[in-house]
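The values are calculated or read from the model by the stated rules, or taken from the named source; none is laboratory data. Since the model is a prediction, treat every value here as computed from it, not as a measurement. So basically every Cβ, Gly included, is an ideal-geometry build from the backbone, and we count neighbours across all protein chains shown. Surface accessibility is based on the protein's heavy atoms, side chains included, excluding ligands, DNA and RNA. Shrake-Rupley method; radii C 1.70, N 1.55, O 1.52, S 1.80 Å.
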Amino acid sequence: VGSGFQGNNLIWDIKSGQKVRIFNEGPPDTNGSALAFPPDGKYLLSGPFLFDLQTGSEVKFCDNYAVYSIDLSPDGKYVLTGNEQDKTARLYDFATCEQVRIFTVNIASVWGVAFSSDGRYALAGLDNNIAYLWDVATGQELRQFIGHSGPVNSVAFSPDGKYVASIIEEQGRQ
């Protein structure tokens, strides 16, 4: 899958290298770089939109904010979004699109989000040069990873959950 800031999603066939489908993501204030496939492989989550891969039609709209990043829990039950406008990470029930929890930071835009491999933790990178770790079940902030020299664009957990990684944007380079 490829996507861009203009809102077009491109679906590619791995074997042939050919485009299979092109469909539009929606309003220009939704970020086209936030993509995820649910475990069933029938849909594409692009920003706040859920698309049927067979028809290209929009099935759901899960978030009214500018979604900058997105991740699905390993069991496919939850969606985690990073929002630029309201400076939150939001947790949604994937099946219903109902909001379960807001991880509020209120001080910076959330640029990158990730679930741990066991789904117990949520990680977010912000443009205030800090990454935050929360307990998904309680919403409690567990840790701040301080010491980045620029905005935290992307975050990830190691498969064993012992480490987190972050990418920062430095002036003049990423």
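Structure data summary
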read-out: For residue 87, distant residues with modelled amide H under 5 Å away; value: 110
read-out: Estimated translational D of the stretch 35-124 in µm²/s (Stokes, Kirkwood radius over Cα pairs; 20 °C; 1.002 mPa s); value: 166 µm²/s
read-out: Between the stretch 68-93 and the stretch 98-174, the alpha-carbon center distance in angstrom; value: 11 Å
read-out: Heavy atoms of residue 167 accessible to a 1.4 Å probe, total area in Å² rounded to 10; value: 90 Å²
read-out: Expected-Rg normalisation [2.2 N^0.38 Å, Cα atoms] applied to the stretch 115-174; value: 1.13
read-out: Rounded FRET efficiency, nearest 0.05, which uses the C-beta distance separating residue 37 from residue 10 and R0 of 22 Å; value: 0.95
read-out: Scattering profile of the stretch 68-174 at q = 0.13, 0.16, 0.18 Å⁻¹ [log10 I(q)/I(0), Debye over alpha-carbon scatterers]; value: -0.41, -0.62, -0.78
read-out: Distance between modelled label sites at residue 117 and residue 22, nm, 7 Å Cα→Cβ extension; value: 3.9 nm
read-out: Residue-normalised accessible area of the stretch 68-142, given per residue in Å² at a 1.4 Å probe; value: 40 Å²
read-out: Whole-percent carbon and sulfur share, accessible surface of the stretch 67-136, 1.4 Å; value: 42 percent
read-out: Residue-count net charge about residue 119 - beta-carbon cut-off 10 Å; Lys, Arg +1, Asp, Glu -1; value: 0
